[in-house]
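The values are calculated or read from the model by the stated rules, or taken from the named source; none is laboratory data. If you're wondering where the values come from, they're calculated on a predicted model, not measured in any experiment. All Cβ positions, even for glycine, are placed from backbone atoms using ideal geometry, and neighbour counts span all protein chains on display. These accessible areas exclude ligands, DNA and RNA; they are computed on the full protein's heavy atoms, side chains included. Shrake-Rupley method; radii C 1.70, N 1.55, O 1.52, S 1.80 Å.
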Amino acid sequence: MSQIPPEFIVKIDYDTCRRCRRCVMNCSFGCMQFKDRVVPDHKKCVACHRCVTFCPESAISITKNELTYKDSANWLPETRQNILKQAETGGILLTGMGNPRPYQILWDHMLIDACQVTNPSIDPLREPMELRTFLGRKPNRLEFTRDGNDEIKLSTELQPQVKLDVPIVFAAMSYGAISLNAHRALAMAAKNSGTLMNTGEGGIHKDLNSYTDNIVVQVASGRFGVTSEYLNSSAMVEIKIGQGAKPGIGGHLPGEKVGEDISKTRMIPVGTDALSPAPHHDIYSIEDLSQLIYAIKEATDYTKPVSVKISAVHNVAAIASGIVRAGADAVTIDGFRGGTGAAPMVIRDNVGIPIELALAAVDQRLRDEGIRSHASILCAGSIRNSGDVAKAIALGADAVVIGTAALVAMGCRVCQKCYTGNCAWGIATQKPELVRRLDPQVGAERLSNLVTAWGYELQEILGSLGVNSIESLRGSRERLRGIDLDEQTLELLGIKPAGIGQ
Amino acid sequence: MRCDCYIPSGCAVSGIMSKAGERMDGNDIIRSIALMHDRSNGLGGGFAAYGIYPRHANEYAFHMMFDNMEAKDQCEEYLKDTFDIVLDEEIPTRPGAVFEQDTSGRSAECGTQPITSPPILWRYFMDVPEHRTTFVSEREYVVEKVMDINSKFTGTFVASSGKNMGAFKGVGYPEDIGMFYKLDEYKGYIWTAHGRFPTNTPGWWGGAHPFCLLDWSIVHNGEISSYGINKRYLEPFGYKLELRTDTEVVAYLFDLLVRRHKMPMDLAVRALASPFWKDIDRMPKREQKIATAIRQVYGGALLNGPFSIILGYSRGMVGFNDRIKLRPMTCATKGDDMLYMSSEESAIREIADPDTVWSPKAGTAVIGELNWEVE
Ligand code: SF4
Ligand code: SF4
């Protein structure tokens with residue numbers, strides 16, 4: 001018998017419960033049973049709040065199981081729970097979502113400047129405020145010629161650029177890790193909002209063929225679903241080297257999640273595990289990566305930017321510089337707080353570095369080498385609100401990438417059980433009865449609303465900074481100040497402490 | 001001498017140009033900027049003048065400011081090593097000079113403020129030794145040396161470094177600075193002027209406008225809110241931004257875009273004060289392609305925040321505003337020859353009876369070019 005005490009207590013108010021059994025139907029974790037009345041099995045509850053949300057009488061409350069473990073500041077409940085689990089199973093602990101541990105969040109130690117008197121702020125309700133952003137390689141300079149009629153012509157041929165109406169794109173989440181309905185919602189929202197969604201490493205379902213201009217297709221170490229048609233039905237191609245939640249670790253989609261549709265999209269037999277190896281087996285050096293970049297460029301006739309996604313690790317600046325020199329048109333850096341569908345807990349919680357530091361280092365390094373314009377920088381790994389977006393852009397990002405925030409907008413409760421395939425909200429699951437719970441139309445609307453709202457907020461921030469275009473914020477670290485940060489961290493971020501003027 | 005604090009400032013600007021290259025003395029520009037006395041606060045004023053050294057037109061004229069003799073000696077060693085000095089002399093001044101006529105000054109005692117305690121002001125007419133330009137162009141060489149001096153020599157500052165031009169600037173009201181430098185005795189075909197209203201006390205002569213590099217000079221009313229990124233954009237190109245003022249980025253951006261990237265002047269202004277996307281989207285194809293590419297490639301050069309700027313260079317004078325015209329700028333012409341630009345129309349009418357007067361649209365450059373060629 002398991003010794004692990006329940007993490008949560010499901011309390012049912014039997015006075016108000018009208019025995020409609022809705023919670024029984026809604027709990028995908030098998031926690032609720034009906035025996036004359038609803039009887040919860042506390043041990044199975046993951047606090048996904050599906051039942052709470054759908055109970056018509058508000059008769060359910062979920063609480064932490066206090067004092068399951070006697071207090072200790074060192075041996076925390078989750079520590080002991082994990083030990084118990086491993087003592088019982090002898091296995092690696094799996095988990096989902098981003099790093100939940102209380103590491104310092106550097107975004108919350110940065111403050112944004114504003115104008116007063118000497119330079120006026122600008123009212124975004126009355127003046128244009130531009131967020132338009134282009135991803136792709138840019139030359140260091142343009143050249144012009146004059147033709148016979150003395151008209152000036154641009155003689156520099158620009159590499160392909162992808163236009164974003166807002167500098168916020170949706171993160172790579174594969175069809176497999178998340179449901180088709182979730183993919184549909186993301187694609188529709190990307191189209192509505194003039195931005196991009198990313199297929200992740202699972203290929204692309206044929207239903208999304210009409211969203212080509214708003215899709216980034218990913219090529220990962222498993223090469224699932226990669227065909228020339230796949231590469232060409234995109235706005236941009238991304239090579240996935242690493243993911244912030246699990247640097248250096250491959251992917252694993254359990255066979256139970258591989259049904260008919262997924263098997264077609266991924267091009268693997270039904271019911272087999274989809275294993276992405278830790279490294280690409282044809283990339284063991286930067287020159288190998290360069291070959292893949294150019295192979296993809298050849299396959300897409302040099303019409304699409306190719307980006308490379310890496311996780312934020314100690315040496316990220318040098319790695320990113322190598323990637324840009326290898327021919328990448330964009331680099332996505334994913335910080336150690338970034339989300340995942342499934343990862344070993346020990347990796348998620350202990351490997352990598354904060355995105356804030358990685359971003360600052362990469363942007364500065366590329367500038368020092370005079371190659372900053374050669375690639376766009378996308379910043380991922382727990383962007384939680386538009387304040388984070390503004391700070392990331394001021395540190396040097398061209399655009400940010402949101403995964404968890406997008407899922408939350410669609411209904412995710414961050415219960416961290418994505419890897420079980422039981423997501424009660426129809427997001428991280430392939431069970432048809434659960435997938436149905438997510439209406440793609442509604443999901444898309446909620447996602448678009450989020451992006452629109454953040455866009456407005458960014459405009460407010462720009463206005464208060466007295467600038468009317470996002471490129472005047474991009475990399476403008478002068479407009480950031482650090483608070484409660486040590487000198488070295490400030491130096492790494494390239495910002496001054498709060499209290500110091502220009 | 002160098003002030004370590006950043007100084008935001010409001011201001012007045014004025015510019016006069018004879019497109020025919022007729023040289024006129026400094027009295028008009030002094031009177032024009034004097035009329036806008038109230039836009040300054042006595043903490044800085046300056047002038048740029050073109051065509052003033054016809055006898056040394058082919059040599060680089062360095063206007064230098066030194067805190068003391070040691071600084072001068074040290075820098076002179078360096079200049080001797082790196083240039084052929086043709087002539088060096090003290091820049092003539094009238095110590096304690098004031099502008100005698102009435103200004104708009106609110107009260108007499110702050111209206112005139114004799115110019116005192118200047119740094120050592122010296123000018124050098126120099127050639128670049130031929131053997132120095134095997135690997136870099138002559139101008140590139142001069143830029144490197146200016147960056148070197150400004151960043152490495154304490155108590156030394158290069159106020160201007162172009163040919164047949166010079167910057168005259170200091171702490172005080174601009175009209176008094178003009179008298180101090182005896183500008184009434186110089187003759188130039190372009191004059192620009194600046195009166196300064198910094199919001200704290202700098203007391204630094206080098207911090208006054210114009211900011212110059214080679215023959216570029218910038219006078220600027222406003223504040224560059226995008227300074228942070230403009231600075232970081234310029235640094236990889238080898239510019240050292242040491243003067244702690246936003247205005248220097250403008251001079252360097254013109255140097256980069258026009259001299260080094262060989263952009264036509266009107267397109268360079270398009271990069272610095274770009275049209276809005278909503279307007280670009282409505283442009284004819286060819287124009288749209290150019291405007292889009294400029295914004296994609298030169299986003300880091302976009303100047304944002306309130307400004308009106310007058311750029312002077314050997315071949316002309318360019319005035320332009322920020323994209324939503326947060327600071328004033330009026331232009332006027334008289335005949336085919338004269339072009340005027342100023343923060344206030346009155347400052348033009350003070351010295352001329354123009355044929356046409358207009359306020360250029362936000363972000364639109366007014367470009368005056370000489371009718372004849374100069375280098
Ligand atoms: S797992 Fe979710 S649906 Fe089930 S009881 Fe817990 S909160 Fe309710
Ligand atoms: S996606 Fe579903 S399973 Fe994953 S954390 Fe969110 S609610 Fe839980």
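Grab the DSSP H runs of chain B that are 4 residues or longer, score each as -39,500 (n - 2.57), total them, divide by all residues and round the 222 nm result to the nearest 500 deg cm²/dmol.
-7000 deg cm²/dmol
Please find the FRET efficiency linking residue B:89 to residue B:148, where r is the Cβ-Cβ separation and R0 is fixed at 35 Å, and quote it to the nearest 0.05.
The pair residue B:89/residue B:148 has a calculated efficiency of 0.95.
Which is the longest stretch in chain A that no exposed loop site breaks, taking sites as trypsin sites (Lys or Arg not before Pro) with a DSSP loop state and at most 16 other Cβ atoms within 10 Å?
In chain A, the maximal stretch lacking such sites is A:142-383.
Accessible surface of residue A:108 in the full protein assembly, 1.4 angstrom probe, to the nearest 10 Å²?
Number for this one is 90 Å².
Send over a whole-number figure in Å² for the accessible area per residue of the protein assembly as shown, probe 1.4 Å.
Heavy-atom SASA per residue in the protein assembly as shown reads 39 Å².
Ignoring ligands, DNA and RNA and using a 1.4 Å probe, state the total buried accessible area between B and A in Å², rounded to the nearest 100.
The buried area between B and A, both sides summed, comes to about 3700 Å².
Can you give the average number of partner chain beta-carbon atoms within 10 Å of each beta-carbon in peptide B:288-299, as a whole number?
For peptide B:288-299, the averaged partner shielding equals 6.
I'd like the Karplus ³J(HN,Hα) series for the stretch A:421-426: coefficients 6.51, -1.76, 1.60, θ = phi - 60°, whole numbers in Hz, and an x wherever there's a Gly or Pro.
Karplus-based 3J(HN,Hα) across the stretch A:421-426 equals x, 9, 2, 6, 9, x Hz.
Based on Cβ point charges of +1 for Lys and Arg and -1 for Asp and Glu, what charge dipole magnitude is obtained for chain B about its Cα centre, in debye rounded to the nearest 20?
1540
Using the basic label-point model (7 angstrom from Cα toward the beta carbon), what is the residue A:368 to residue A:291 distance in nanometres?
3.1
Rounded, prolate or oblate: which fits chain B, taking a ≥ b ≥ c as square roots of the Cα gyration tensor eigenvalues, rounded meaning a/c under 1.5, else prolate when a/b beats b/c?
Cα axes put chain B in the rounded bin.
Taking the simple approach of a point 7 Å from Cα along Cα-to-Cβ for both residue A:66 and residue A:350, what is their distance in nm?
Placing both labels 7 Å beyond Cα along the Cβ direction yields 3.2 nm.
In degrees from 0 to 90, rounded to the nearest 10, what is the angle of the helix A:286-299 Cα long axis to the longest principal axis of chain A?
Tilt of helix A:286-299: around 80 degrees.
Can you give me the long-range amide H partners of residue B:115? Hydrogens built in the peptide plane at 1.01 Å from N, cutoff under 5 Å, separation of 5 or more residues or another chain.
Those lying under 5 Å, H to H, from residue B:115 are B:96, B:97.
Which residues of the stretch B:203-245 end up with at least 20 Å² less accessible area in the presence of all protein chains than when their chain stands alone, using a 1.4 Å probe?
B:223, B:225, B:227, B:228, B:229, B:232, B:236, B:237, B:244
When Cβ neighbours within 10 Å are restricted to other protein chains, what is their mean count per residue of peptide A:118-126?
5
Starting from the residue with the highest accessible area, list A:425, B:358 in decreasing order, probe 1.4 Å.
B:358, A:425
Kindly rank A:51-59, B:279-287 from highest to lowest mean number of other beta carbons found within 10 Å of each residue.
Going by the mean number of other Cβ atoms within 10 Å, highest first, we get A:51-59, B:279-287.
How large is the accessible surface of residue A:88 in square angstrom, using a 1.4 angstrom probe and rounding to the nearest 10?
About 90 Å², rounded to the nearest 10.
For a Förster distance of 60 Å, can you work out the FRET efficiency between the beta-carbons of residue A:93 and residue B:285, rounded to the nearest 0.05?
Approximately 0.55, to the nearest 0.05.
Once you have the Cα-Cα distance between residue B:372 and residue B:100, take 0.36 nm times their residue separation minus that, and quote the gain in nm to one decimal.
Working it through step by step, the gained length comes to 94.3 nm.
So, taking all protein chains as they sit and a 1.4 Å probe, how much accessible area belongs to residue A:369, in Å² rounded to tens?
Here the accessible area works out near 50 Å².
With a point put 7 Å past each Cα toward its Cβ, work out how far residue A:275 is from residue B:362 in nm, to one decimal.
Those two pseudo-labels are separated by 6.1 nm.
Are there any residues in the stretch A:133-173 with a reduction of at least 30 Å² in accessible surface when going from the isolated chain to the assembly of protein chains? Probe 1.4 Å, please list them by number.
Those residues are A:134, A:138, A:140, A:141, A:142, A:144, A:151, A:152, A:154, A:158.
Using a 1.4 Å probe on the protein heavy atoms, what percent of the accessible area of the protein assembly as shown belongs to carbon and sulfur?
Ligands and nucleic acids excluded, carbon and sulfur reach 50 percent.
Would you mind counting up the charge near residue B:237? Only other residues with Cβ under 13 Å from its Cβ, with Lys and Arg at +1 and Asp and Glu at -1.
Result for the neighbourhood of residue B:237: +2.
Express in nm, to one decimal, how much length is gained between residue A:298 and residue A:80 on full extension, taking 0.36 nm for each residue of separation and deducting their alpha carbon distance.
73.2 nm
Give me the extension gain from residue A:14 to residue A:264: residue separation times 0.36 nm, minus the current Cα-Cα distance, reported in nm with one decimal.
Separation in residues times 0.36 nm, less the Cα-Cα distance, equals 85.3 nm.
Using a 1.4 Å probe on protein heavy atoms, which residues of the stretch A:364-389 have at least 20 Å² less accessible area in the complex than alone?
Residues of the stretch A:364-389 that lose at least 20 Å² of accessible area once the other chains are added: A:367.
May I ask for the angle, rounded to the nearest 10°, between helix A:316-325 and the longest principal axis of chain A, with both axes built from Cα atoms and the value confined to 0 to 90°?
50
For residue B:25 and residue B:138, FRET efficiency with R0 = 35 Å and r from the beta-carbon atoms, rounded to 0.05?
0.70
Do the alpha carbons of any pairs in A:206/A:309; A:191/A:391; A:44/A:246; A:64/A:246; A:246/A:417; A:264/A:431 sit beyond 22 Å of each other, and which pairs?
Over 22 Å Cα-Cα: A:206/A:309; A:191/A:391; A:44/A:246; A:64/A:246.
How do A:109, B:63 rank by accessible surface area computed with a 1.4 Å probe, from largest to smallest?
So the residues, ranked largest to smallest area, are A:109, B:63.
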